[in-house]
Amino acid sequence: MTTITGRFAPSPTGPLHFGSLVAAVGSYCLARRAGGRWLVRIEDLDTPRVVPGAADEILFTLETLGFRWDGEVVWQSRRQEAYLAALEQLHNQGLLYDCACSRKEILASAPHPGEEGPIYPGTCRQGLPAGRLPRAVRIRVPDRQSGFIDGVFGRYEQNLARDVGDFVLRRADGMIAYQLAVVVDDADSRVNQVVRGADLLGSTLRQIFLLENLGRPVPAYLHLPLVLHADGSKISKRNGEGDNPLARGGEMIKRALEWLGQDIPGELHTAPSAELLAWGSDCLAVGRIPATHGNCR
Ligand code: GLU
């Protein structure tokens, strides 16, 4: 039988906020419930957004709350070689092309952005226009319906060409795009259960497309209800928003489990965080997780 390997992959753009904590609790309890491994990866690839000290603070918070991870923490900033090898593999299959377009040009030519942002109109698909210099590297996506079954949200479909467009794998600033880094990391760490916030539901078919072309196995995906502000905007670490879970450890884990629809026994309502995590690791019921986006209480 294959061992379940889950992971939590925070971006160190600020302290762990409630939305991230929900992803940590969900991924942890589901991996442990299956008798599996749980890994932590710091997604510090997007260096301009990285806040110094935030990664250590997140790890400290996780540890203090009672999370225990397997193996060493993986740092994306140290994995450039693996990403470049994957980029080359895709390049050798003729799937990639240089793109000269600036964001402003794309916005101007794609005035009706899709759910996932502006849809690239394919300007450089057949080669760079005369006199233009390459900026980013994009991958050609197929014009056909694709889908997967999410463990919480059920069947999710997209036509990558129509709904997303050829997407960037290496950005104009030379940085490897999140979509590529995440699949290379998950594949190299043998992650086979991806549990994360529903804001990434719309990225999943791009990631599956990359995995298939890299010849790597596709994990199971479970997206968790996203934590939103009362006005519907996403809770963001960048603005330093949200509760600091350390201040009220047990209460925060209890709230995260409740956010995931779990029915915590009364005697555990005031239990310390590690005890609540142990309960979740035995009892977290996937069927109770609501496939909705809700407002933060
Ligand atoms: N780093 C992303 C975040 O903090 C999560 C990426 C993932 O789980 O695939 O929102």
* Which residues, taken from region 283-296, are touching a helix residue (DSSP H, G or I) at 6+ places or on another chain (Cβ under 8 Å), at pLDDT 95 or above and surrounded by fewer than 18 Cβ atoms within 10 Å (Cβ to Cβ)? -> CYS283, VAL286
* To do: Of all residues in region 9-46, count the ones that are of a type outside the set (Gly, Ala, Ser), away from the ligand (no atom under 14 Å from the Cβ) and open to solvent by 20 Å² or more (accessible area, probe 1.4 Å).
  => 3
* Structure fact -> If you go through GLY6, GLY71, GLY53, the only one that is away from the ligand (no atom under 14 Å from the Cβ), out of contact with any Asp or Glu (no Cβ under 9 Å at 6 or more places or on another chain) and closer than 26 Å to ARG255 by Cβ is GLY53
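If we scan region 110-121, do we find a residue that is assigned to a helix (DSSP H, G or I) and open to solvent by less than 60 Å² (accessible area, probe 1.4 Å)? Step through it out loud before you land on a result.
Step one: of region 110-121, the residues assigned to a helix (DSSP H, G or I) are none.
The answer is no, given that none of the residues of region 110-121 is assigned to a helix (DSSP H, G or I) and open to solvent by less than 60 Å² (accessible area, probe 1.4 Å).
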* Structure fact -> From the option list VAL194, VAL141, single residue qualifying as at pLDDT 95 or above, surrounded by 21 or more Cβ atoms within 10 Å (Cβ to Cβ), under 22 Å from VAL25 (Cα atoms) and of a type in the set (A, V, I, L, M, F, W, C) is VAL194
* When the residues of region 210-223 are filtered to those that are part of a helix (DSSP H, G or I) and open to solvent by less than 20 Å² (accessible area, probe 1.4 Å), which remaining residue is farthest from the ligand (Cβ to nearest atom)? -> LEU214
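Which of the following residues is at pLDDT below 95, farther than 30 Å from LEU96 by Cα and over 21 Å from the mean Cα position of the chain (by Cα): GLY250, GLY232, GLY280?
On the way: GLY232 fails: over 21 Å from the mean Cα position of the chain (by Cα); GLY280 fails: at pLDDT below 95.
Unique residue meeting the criteria: GLY250.
The values are calculated or read from the model by the stated rules, or taken from the named source; none is laboratory data. Everything numeric here is computed off the predicted structure, so don't read it as measured data. Using ideal geometry, Cβ is built from the backbone for each residue, glycine included, and neighbour counts are taken over all protein chains shown. Keep in mind that these areas ignore ligands, DNA and RNA; they rest on the heavy atoms of the full protein, side chains included. Shrake-Rupley method; radii C 1.70, N 1.55, O 1.52, S 1.80 Å.
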